[in-house]
Structures are given as C-alpha cells and as structure tokens.
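The values are calculated or read from the model by the stated rules, or taken from the named source; none is laboratory data. Values in this document were obtained by computation on a predicted structure and should not be read as measured data. Positions of Cβ are backbone-derived with ideal geometry, glycine not excepted, and every protein chain shown enters the neighbour counts. What goes into the accessible areas is simple: the full protein's heavy atoms, side chains included, and nothing from ligands, DNA or RNA. Shrake-Rupley method; radii C 1.70, N 1.55, O 1.52, S 1.80 Å.
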Amino acid sequence: MFFKYVKISFLLVVVGATLASCSNYQKILKSDDTAAKYAAADSLYKLGKYKKSLKLMEQIVPAYRGKPQAERLMYIYANTFYNLEDYYLAGYQFERFATSYPKSDSVETAAYRSAKSYYELSPRYSLAQEDTYQALEKLQGFINNYPNSDYRVEANSLVKELRGKLEKKDYEIALQYLNISGYLSSYVPAIEAFENFIVDHPGSEYRKEAFYGRLEAGYKRAISGVPSQLQERLVTALDYYNAFNKYYKNDTSEYKEKADEILREINERIIPEEEEPTTR
C-alpha cells in the first residue's frame, strides 16, 4: 500500500511537471477539452502552481456547474484566490461555496476562510474602517454558526484584534479633536468624542486615556470660554475629574499626575457654594 501511494504521488509530480512546461500547458489552455483542463488544473493546484491552475479553472467553472465535480472545483477555485492573496475574490467565492454546498465536508473551512479573507482586507487603523466592520460581522457570524469549531479560538483572536483597531481609531479621533479644539474655538466635539468612546468601548486599553482626555477638554473649555459660564463649566470639569478618580485613584501613571494638577487648578478657580466642598 505504501509503495502504491509513493507511485501515485510520483506520477502526480511527473504529470504536474509536464503540465507546467510551457508547450503542454498552452496546448491544454487553448483546447476545448474541459475534462483535460479539469485534470490539469487539479494537478497544478496540488503542486502549488496557482496562477496557471487558475487560468484553467476560470475557463471551466461555468461548464461544471451542477455536475458532481463542481463541489471540489469550486472549493479549490476559491482556495486558489486565497493562496494568491486575492482576498476580495476569495471571500466572495468561499461564501458562495458555503451557500451552494451547505452539506459539504469542506463547508466549515470555506466559511472560516471566507470570514478570514475579509479580515485580511482590514486596513491599518488610520484609514477608513468599512472593511474592518464587515470583517467583524463575518467573523462573528462564523463564530455563531460554528461555536464548536476548531477555528473558534483563532476567530475570537481575530475579532479581538479588529475591535482593538477600531478602539484605537476612535481614540485617535477623539484625541485629534482635543488637539485642534483651540483652532475650532470649541472643546465640545472633543468632550463628546471621549464620552462616546467611554460608552462604546468599556473594556478598552485606552479607557484611562479617554477619561483623562474628557477631563482635559472639559477644563480647557471652562477656562477658555466666556467668564459668565466659568463656574458652571468648572463644576462640570470637576465631575469629569471625579469620574476619572473613581477608577484610577491609585494609578501611578502620568495621567493621574496630570489629572491631579488639573484638580488643583480647578480648586484655585472655583467658587464653592455655601457649605459645599470643592471636591465631591
């Protein structure tokens, strides 16, 4: 049995090598023999010669729809795009395969690689994140549909990575609002951006920075605004400090030091109401 397997493997290599030669490959490529093209495409695929295999598959995919060979052909067709890192087409073709062959032994792998293809399309955090949102949707859909999959751990890891990218994007936007607030003559967009971040990303690694950013923006809004609103806005800034201090009272980072400095400045400027402490 072992020698028979070795012989078959050897023949496959020989056939593939023969097909890979320019003249034989071109002859099959130009022929009308779909069976020969299927065999050649399969052999080249197994040898990892994906570009040559793809050219043949593109010619015969329509002819094999509805036939017994179509299931394998459509799977390797999708996987060829995946191996060539054409993730737009890989995602689409794997998704199409999963829909067309829901009872296939390969449907779970196809569903996962479809979702992962969308993950591969996610850009760096500084760019528009439409593809990231789509990747999250696809990966979460896979996790929901295959909760016991061997790919589950990796899928969850990819989801975490993508969410981290969105968190960083949202935090950087809020920080940018803070940095340009002086030019906008308004700190409200920065405050709102930090508040939205805190609500939308409760477990983020940037949570402390967001609480501090809201405090800084709130304090600068108070001292840069009209005098008649100074006291009211200082009270709001004090509330922002108390919110920061609630979670990071024993923090030893620079953010705690800077927050405490803002508190001292607030207490120097604020006029306390009668019998009301300046810190709450």
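Annotations
- Index of the failed condition, Gly213 passing every other in (1) surrounded by 13 or more Cβ atoms within 10 Å (Cβ to Cβ); (2) modelled with pLDDT under 95: (2)
- Filtering region 143-151 for residues that are open to solvent by less than 30 Å² (accessible area, probe 1.4 Å), of a type in the set (A, V, I, L, M), over 23 Å from Gly213 (Cβ atoms) and assigned to a helix (DSSP H, G or I) leaves a non-empty set.
- Every condition in (1) part of a helix (DSSP H, G or I); (2) open to solvent by less than 50 Å² (accessible area, probe 1.4 Å); (3) over 28 Å from Tyr212 (Cβ atoms) holds for Phe194 except the one numbered (3).
- Test: residue in region 123-141 that is closer than 21 Å to Arg207 by Cβ, touching a Lys or Arg at 6+ places or on another chain (Cβ under 9 Å), open to solvent by 20 Å² or more (accessible area, probe 1.4 Å) and not in a helix (DSSP H, G or I): yes
- Ser181 in a loop (DSSP other than H, G, I, E, B), on the phi < 0 side of the Ramachandran plot and in contact (Cβ under 8 Å) with a residue 12 or more places away in the chain: no
- Check on Ala210, closer than 24 Å to Ser126 by Cβ, without any contact (Cβ under 8 Å) to a residue 40 or more places away in the chain and touching a helix residue (DSSP H, G or I) at 6+ places or on another chain (Cβ under 7 Å): yes
- Pair list, Cβ < 8 Å and 6+ apart or interchain, from region 107-123 residues that are without any contact (Cβ under 8 Å) to a residue 40 or more places away in the chain and over 20 Å from Arg72 (Cα atoms) to residues that are open to solvent by less than 40 Å² (accessible area, probe 1.4 Å) and outside any helix (DSSP H, G or I): Pro123/Gln129
- Of all the listed residues (Tyr64, Tyr87), the sole one being among the hydroxyl-bearing types (Ser, Thr, Tyr) and open to solvent by 30 Å² or more (accessible area, probe 1.4 Å) is Tyr87.
- Residue that is nearest to the chain's Cα centre (by Cα), among those in region 231-250 that are open to solvent by 40 Å² or more (accessible area, probe 1.4 Å) and not β-branched (Val, Ile, Thr): Tyr247
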